[in-house]
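Undergrad: Below are the structure tokens for one structure; questions will follow.
The values are calculated or read from the model by the stated rules, or taken from the named source; none is laboratory data. This one's a predicted model, so the numbers in the text were calculated from it and none came from an experiment. Heads up, the Cβs are rebuilt from the backbone with ideal geometry, glycines too, and the neighbour counts pull from every protein chain shown.
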Amino acid sequence: MNLPIYQIDAFACQPFEGNPAAVVPLREWLSDDVMQSIAEENNLAETAFFVPNKKGFYIRWFTPNMEVKLCGHATLASAFVIFNILGYEANTVEFESLSGMLSVSRNNELLTLDFPSQVPEKCETPEDIVKGLRKQPLECLKNEDYVVVFESEDEVASIIPDHKFLLQVDLRGIIVTSLSQKYDFVARFFAPKYGILEDPVTGSAFTQLTPYWSNKLGKTKLNAKQISARGGELFCELAGDRVLISGKAIKYLEGNIEIKPYKSFKRDLRFATAT
């Protein structure tokens, strides 16, 4: 069995920016073991797999360690493949997922995710977060992740996390954020529990950040920057109980995965090798 594979830089205007995601279009699902093995072999934050259905596509996302319920940048990357490589003619593609219905629309080079809003609620700051970030935040909130707010962009940029403490948190990851002079706000994202020490650009994090900063700043349209080493710029809009997250994407590579039967001494599985 041969499968196409694409690596797309999401939330990027040129290669080596934004967040790279692997995208594997399928006609039918592979076993979970095989998809997890492919994601582990890719060793990227996310590998997305999708199959056609009556409404569009069903999409699933895997980190090198496990399947996740929502991933923004790999959804953007998948839409880029569908629009620009697979020749999808409509300007909106719908995805069914573990997080419900998602859609991505295109306007020239700009792709817009339509995701459910995840409003974070105030909480006490877990001690492991204070130790892991080596700083005391202004406030802490939570939803899918912890949202940890600091006073300045310099504070956010200067964080050198101690991941042995961040591994102990009970949610998916830790978003650190602050106001910015150039943008409305900036953010970083750590998810060591999922094998992601620091994610370059985390689309799903902005489903929590957008309602928070929209309320703080009193406006629904926001320009944000994830200030990782690669960096990525996002245009966000709060639209009722939905968040619109826009950015560009670019193809970095395309290739082929050859899947052959392979019997492991530990377990039986189908072994994936990339070419």
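Undergrad: Would you please list the contacts, defined by Cβ atoms under 7 Å and residues six or more apart or on different chains, that run from a residue in the stretch 87-115 that is in contact (Cβ under 8 Å) with a residue 60 or more places away in the chain to a residue that is surrounded by fewer than 20 Cβ atoms within 10 Å (Cβ to Cβ) and among the basic types (Lys, Arg)?
TA: Every condition considered, the pairs that remain are ASP114/ARG242; PHE115/ARG242.
Undergrad: With respect to SER152, determine if the residue is surrounded by fewer than 18 Cβ atoms within 10 Å (Cβ to Cβ), of a type outside the set (Asp, Glu) and farther than 21 Å from THR63 by Cβ.
TA: yes
Undergrad: I'm trying to understand the selection: among the residues of the stretch 171-216, which are in contact (Cβ under 8 Å) with a residue 40 or more places away in the chain and polar (S, T, N, Q)?
TA: SER180, THR202, SER204, THR207, GLN208, THR210
Undergrad: For the stretch 151-169, give me the residue count where each residue is in a helix (DSSP H, G or I) and touching a Ser or Thr at 6+ places or on another chain (Cβ under 8 Å).
TA: 3
Undergrad: Being within 24 Å of PRO200 (Cβ to Cβ), touching a Lys or Arg at 6+ places or on another chain (Cβ under 9 Å) and surrounded by fewer than 23 Cβ atoms within 10 Å (Cβ to Cβ) is the filter here, so list the residues in the stretch 49-65 that pass it.
TA: Scanning the stretch 49-65 gives a single hit, ASN65.
Undergrad: Report yes if some residue within the stretch 21-34 is at pLDDT 95 or above and closer than 24 Å to GLN208 by Cβ; otherwise report no.
TA: yes
Undergrad: What's the number of the only condition in (1) within 27 Å of GLU153 (Cα to Cα); (2) under 16 Å from the mean Cα position of the chain (by Cα); (3) among the hydroxyl-bearing types (Ser, Thr, Tyr) that THR125 fails to meet?
TA: (2)
Undergrad: Kindly indicate the residue of the stretch 244-272 that is modelled with pLDDT under 85 and among the aromatic types (Phe, Trp, Tyr) and also surrounded by the fewest Cβ atoms within 10 Å (Cβ to Cβ) among those meeting that condition.
TA: PHE265
Undergrad: Output the residues belonging to the stretch 66-83 that are surrounded by fewer than 24 Cβ atoms within 10 Å (Cβ to Cβ) and either not assigned by TED's automatic domain parsing to the domain that holds CYS13 or not β-branched (Val, Ile, Thr) (or both).
TA: Matches in the stretch 66-83: MET66, GLU67, LYS69, LEU70, PHE83.
Undergrad: Could you figure out which of (1) farther than 25 Å from ALA205 by Cα; (2) in a strand (DSSP E or B) isn't true of GLU89?
TA: Checking GLU89 against (1) farther than 25 Å from ALA205 by Cα; (2) in a strand (DSSP E or B), the one that fails is (2).
Undergrad: So which residues in the stretch 179-221 are surrounded by fewer than 22 Cβ atoms within 10 Å (Cβ to Cβ), of a type outside the set (Asp, Glu) and not in a helix (DSSP H, G or I), if there are any at all?
TA: Within the stretch 179-221, LEU179, SER180, GLN181, LYS182, TYR183, GLY195, ILE196, LEU197, GLY218, LYS219, THR220, LYS221 meet the criteria.
Undergrad: Residues being touching a strand residue (DSSP E or B) at 6+ places or on another chain (Cβ under 8 Å) and either over 24 Å from CYS236 (Cα atoms) or without any contact (Cβ under 8 Å) to a residue 40 or more places away in the chain (or both): count how many of those fall in the stretch 57-68.
TA: Within the stretch 57-68, residues that are touching a strand residue (DSSP E or B) at 6+ places or on another chain (Cβ under 8 Å) and either over 24 Å from CYS236 (Cα atoms) or without any contact (Cβ under 8 Å) to a residue 40 or more places away in the chain (or both) number 7.
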